[in-house]
Amino acid sequence: MPLVTTKKMFEDAYKGGYAVGAFNVNNMEIIQGITQAAKKLNAPVILQCSAGARKYASHEYLVAMVKAAADQTGLPIALHLDHGPDFETCKSCIDGGFTSVMIDGSHLPYEENVALTKQVVDYAHAHGCVVEGELGQLAGIEDDVNVSAEDASFTDPDQVYDFVTRTGVDSLAIAIGTSHGAYKFKPGQKPQLRFDILKAVEEKLPGFPIVLHGASSVNQDDVKTINEFGGQMPDAIGIPEDMLRQAASMAVCKINVDSDIRIAMTAAIRKHFTENPTHFDPRQYLTPARNAIEGVVSHKIETVLGCGGKA
Ligand code: G3H
Ligand code: 13P
Ligand code: ZN
């Protein structure tokens, strides 16, 4: 099946009260682990590549592998640029086979974010591609850019209508208390999300798809496994699954997950090497890693996203 945009995925998700998972991919095993889970549960899926992923694996390999996954599974799969930093990167993805791009102008002054996002939307729409914008700033680390909790800012619901109508974006990432990486809350801090902001956004733009970044839940068993087998991860706290489920039943149609996959892979590989110190065939340690990814994604589809059976 050819790659699809997220347009119909989001229309169906909004109406159905569920969300589609957007998982970051950097290599073949990650793509296979995610799409094997999606295939078994008949779920639509978004595979997203950051600028760092394109630098690591190269644009051509990523596009070819994602297309192979779509052909092999027959699933509706969207290939999305995650956190597009500038117009040129977005253009290169649009020209090179992606079906969706994010332009992340969230760090810019408001009017500059509007202008840059509109420039990308105009180009993308003329080429059959959809665009995700971002308003408000999440804390955490992405592509080595570290936004401190003090510099993060919640989305102002009063700006959302103006931003969406002036830019023409197809979906919008908002900041309601999630953050990138594995350390989302301080030890002892009670995880909280600003559902009041999400509700206000929903009321201002009924039917418009909202995106949640920084939505890993951080499986404590995986963290324990990493530390049991020689790792040193301090207390890592993610977004509680019931909160993500609630967001998915509201206007959130896309939930981004990267850290949970990284943690599951690391746990599986550390365990494998401790138990099998003489192994040196990459297939021996990448198989449990790929299986662990499949497990993470299956769990997300069934307990958080609710998109099983919706492909
Ligand atoms: O939000 C960012 C994603 O986790 C991608 O991370 O930029 O290190 O590839 P990356
Ligand atoms: P996590 O770090 O919570 O997995 O978030 C990933 C993300 O938002 C990618 O854009
Ligand atoms: Zn993100």
Checklist line | Which numbered condition ILE34 fails, given (1) within 14 Å of ligand 2 (Cβ to nearest atom); (2) under 19 Å from ASP170 (Cβ atoms); (3) of a type outside the set (Phe, Trp, Tyr) | finding: (2)
Item checked: Only listed residue being within 16 Å of ligand 3 (Cβ to nearest atom), out of contact with any Gly (no Cβ under 9 Å at 6 or more places or on another chain), closer than 20 Å to GLY105 by Cα and modelled with pLDDT of 95 or more, chosen from ILE210, ILE255 -> ILE210
Next item on the list: Go through the stretch 226-241 and count every residue that is modelled with pLDDT of 95 or more and more than 13 Å from ARG262 (Cα to Cα).
Entry: 10
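Could you identify the single residue in GLY230, GLY306 that is at positive phi and loosely packed, with under 14 Cβ neighbours inside 10 Å?
Values: GLY306 fails: loosely packed, with under 14 Cβ neighbours inside 10 Å.
Answer to the check: GLY230.
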Note to self: Exactly one condition in (1) within 16 Å of ligand 3 (Cβ to nearest atom); (2) in contact with a Leu (Cβ under 8 Å, 6 or more places away or on another chain); (3) aliphatic (A, V, I, L, M); (4) free of Cβ contacts under 8 Å to residues at least 60 places away in the same chain is false for VAL164; which is it?
What the structure shows: (1)
Margin query: All but one of (1) surrounded by fewer than 18 Cβ atoms within 10 Å (Cβ to Cβ); (2) among the small types (Gly, Ala, Ser); (3) touching a residue at least 40 places away in the same chain (Cβ under 8 Å); (4) more than 26 Å from THR303 (Cβ to Cβ) hold for ALA68; state the number of the condition that does not hold.
Written below: (3)
Next item on the list: Sort through GLU88, GLU60, GLU11, GLU29 and tell me the only one that's surrounded by fewer than 16 Cβ atoms within 10 Å (Cβ to Cβ) and closer than 26 Å to GLU302 by Cβ.
Entry: GLU11
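Among the residues of the stretch 121-139, which ones are outside any strand (DSSP E or B), more than 16 Å from THR165 (Cβ to Cβ) and without any contact (Cβ under 8 Å) to a residue 60 or more places away in the chain?
TYR123, ALA124, ALA126, HIS127, GLY136
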Note to self: I'd like to know if the stretch 67-77 contains one or more residues that are on the phi < 0 side of the Ramachandran plot and within 16 Å of ligand 3 (Cβ to nearest atom).
What the structure shows: no
Note to self: Against the condition surrounded by fewer than 23 Cβ atoms within 10 Å (Cβ to Cβ), over 19 Å from SER106 (Cβ atoms), at pLDDT below 95 and of a type outside the set (Lys, Arg), how does PHE185 come out, does it pass?
What the structure shows: yes
Margin query: Give me the helices (runs of 4 or more DSSP H) completely within the stretch 1-96, filtered to those with at least 2 residues that are more than 23 Å from ALA289 (Cβ to Cβ), ordered by residue number.
Written below: 7-16, 59-73, 87-95
Margin query: Any residue in the stretch 267-295 that is of a type in the set (Lys, Arg) sitting within a Cβ distance under 6 Å of a residue that is modelled with pLDDT of 95 or more and part of a helix (DSSP H, G or I)? List the pairs, counting only those 6 or more apart or interchain.
Written below: ARG270/ILE226; LYS271/THR225; ARG290/GLU29; ARG290/GLN32; ARG290/GLY33
Next item on the list: With the condition kept exactly as written, say whether any residue in the stretch 102-113 is under 17 Å from the mean Cα position of the chain (by Cα), closer than 20 Å to ALA173 by Cβ, at pLDDT 95 or above and of a type in the set (D, E, K, R).
Entry: yes
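The values are calculated or read from the model by the stated rules, or taken from the named source; none is laboratory data. In this text the structure is predicted, and so the values were computed from the model without any measurement. Because the Cβ atoms are built from the backbone with ideal geometry, glycine has one as well, and the counts that use them run over all protein chains shown.
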